[in-house]
1. Which of (1) part of a helix (DSSP H, G or I); (2) touching a Leu at 6+ places or on another chain (Cβ under 9 Å) does Ile180 not meet, given it meets every other one?
2. Does Ile227 satisfy being more than 27 Å from Asp187 (Cβ to Cβ), surrounded by 19 or more Cβ atoms within 10 Å (Cβ to Cβ) and modelled with pLDDT of 95 or more?
3. Can Asp277 be described as among the acidic types (Asp, Glu) and at pLDDT 95 or above?
4. Quick check on Gly170: is it at pLDDT below 95 and in contact with a Gly (Cβ under 8 Å, 6 or more places away or on another chain)?
5. For the condition surrounded by 20 or more Cβ atoms within 10 Å (Cβ to Cβ) and modelled with pLDDT of 95 or more, what is the one hit in Leu432, Leu410?
6. Given (1) touching a strand residue (DSSP E or B) at 6+ places or on another chain (Cβ under 7 Å); (2) in a helix (DSSP H, G or I); (3) surrounded by 23 or more Cβ atoms within 10 Å (Cβ to Cβ), identify the lone condition not met by Ser326.
7. In the set Asp218, Asp209, Asp196, Asp192, which member is over 21 Å from Met292 (Cα atoms) and among the acidic types (Asp, Glu)?
8. Scanning for something at pLDDT below 95, aliphatic (A, V, I, L, M) and surrounded by fewer than 19 Cβ atoms within 10 Å (Cβ to Cβ), does the range 281-303 turn up at least one residue?
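The values are calculated or read from the model by the stated rules, or taken from the named source; none is laboratory data. In this text, all values refer to a predicted model and were calculated from it rather than measured experimentally. Glycine gets a Cβ as well: all are built from the backbone with ideal geometry, and neighbour counts include every protein chain shown.
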Amino acid sequence: MKKFLMMLAISLLFIVTACGGNGGDEASDGSSDATDGGGGELEEQVVVGDDIEGATELTFWNFQSLHSEFFEDAAIRWNEENPDRPIKLVAQTYPFDQLHNNLLLSLQSGSGAPDLADIEISQFPNYLQGVPQLEPLNNIIEPEMDNLVQSRFEIYAKEGDYYAIDYHVGATMMYYNVEIMEEAGVDIDTIDTWDDYIEAGKQVVANTDATMTTVETDEHFSFWPLISQRGSDYFDENHDVILDNEINIDTLQFLHDLVYEHEIAELTPGGFHHAEDYFGFMNDGGAASLMMPMWYMGRFIDSMEDLKGKIQIRPLPAWEEGGNRSAGMGGTGTVVTNQTENAELAKDFLAFAKLTEEGNVKLWEVLGFDPLRHDVWDSEEMRKENRFYEYFHDDIFDILLEIRDDINDLNITEQTPNAQQEIHTQVMHSVLRDQSRTPEEALHDAAEAVRARMY
């Protein structure tokens, strides 16, 4: 019980903005004021198939209304293609904290859980404590594994069983403002390493009014991708803390030096790359490039409209010639809970939505995500014109195919929320904003704080 309460407290403390942010859009019918007694304050509800006689009801909890939109499309297609097994999908969107806390409580208590639910990646270890109260998904995942980016399934696994299916690979890329880069006299296709990137940044600063990039102080998307790219993490494969290892210290020093030694970067306006201040800064041509995962494309379209046609996506610079040029970041896994009375139907529907070729094309068309099946990345269906190609360019998935094998596994543990909390509230601020501690000091203190919670 003490350990369970500790995990619940961690959930209350930790809020992340990855993969859609913490919460969906408010429903136009005012349903955000409703309470259903399940996931918490209901923000939005979508129902599909309520007019089909004999349809089996499946409830789905999530914290991002776009995920309801994706599953709504999947449910419509499922009912068209499976008239003998129709479903009535009730998709409910709740605030981030309430969903995770109430889902954890309902699973621990043995009642009140939905059939399907979304769990954000950093929260997922809380649901793997002891015997997971989730249905293993091996029977639907393993037959397709040769076509999937396997690292995005290992992060939701325990003792050989897979318990969730993500929405995307989350490949971290570099977004370049080619208008600024061309003004600086830099060809972005000549930037192969981080040394090349620094030299290009110096040209940007010397020849334009922009900075080369921005570094977050309130989030982890400037730091975690870089250490993952180098084969490091917060924890090793045995779940021991390695937050203060030499690679991580050197990487944090690299970020510090971009700002204060090379003077080609600025601290992110608003503190992180989802802040309104940052959107305005970027939209006005404040920086020539940005490192974020592929799912961030939607943020450009929704919040930086003036950059349409100016942004080109490329792999990350490598740390050395031939090194990895990406990292998988963010994520939300969809699970089937062990309280469902229709486990096989729920799993078959989840596989239909997220593992089939058509489902993976829909992940791109509906959400703009880099889908888990790499065998669709070069398919004709993925090349059809849409708002993402119109905003960026039409060879996005050619570039993804180049870095398909460059994404390392993440070692997500029950202490990952604590490690992230240290990064967000202590490490980045003290090293980058206050400059009150060295990277070694800050990461050592953070690692010791995490270790203290483990023993």
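1. Only one criterion is unmet by Ile180, namely (2).
2. Values: more than 27 Å from Asp187 (Cβ to Cβ): yes; surrounded by 19 or more Cβ atoms within 10 Å (Cβ to Cβ): yes; modelled with pLDDT of 95 or more: yes.
Yes, satisfied.
3. yes
4. yes
5. Matching residue, one of Leu432, Leu410: Leu432.
6. (2)
7. Matching residue, one of Asp218, Asp209, Asp196, Asp192: Asp209.
8. Checked against the condition, which is being at pLDDT below 95, aliphatic (A, V, I, L, M) and surrounded by fewer than 19 Cβ atoms within 10 Å (Cβ to Cβ), the range 281-303 yields at least one hit.
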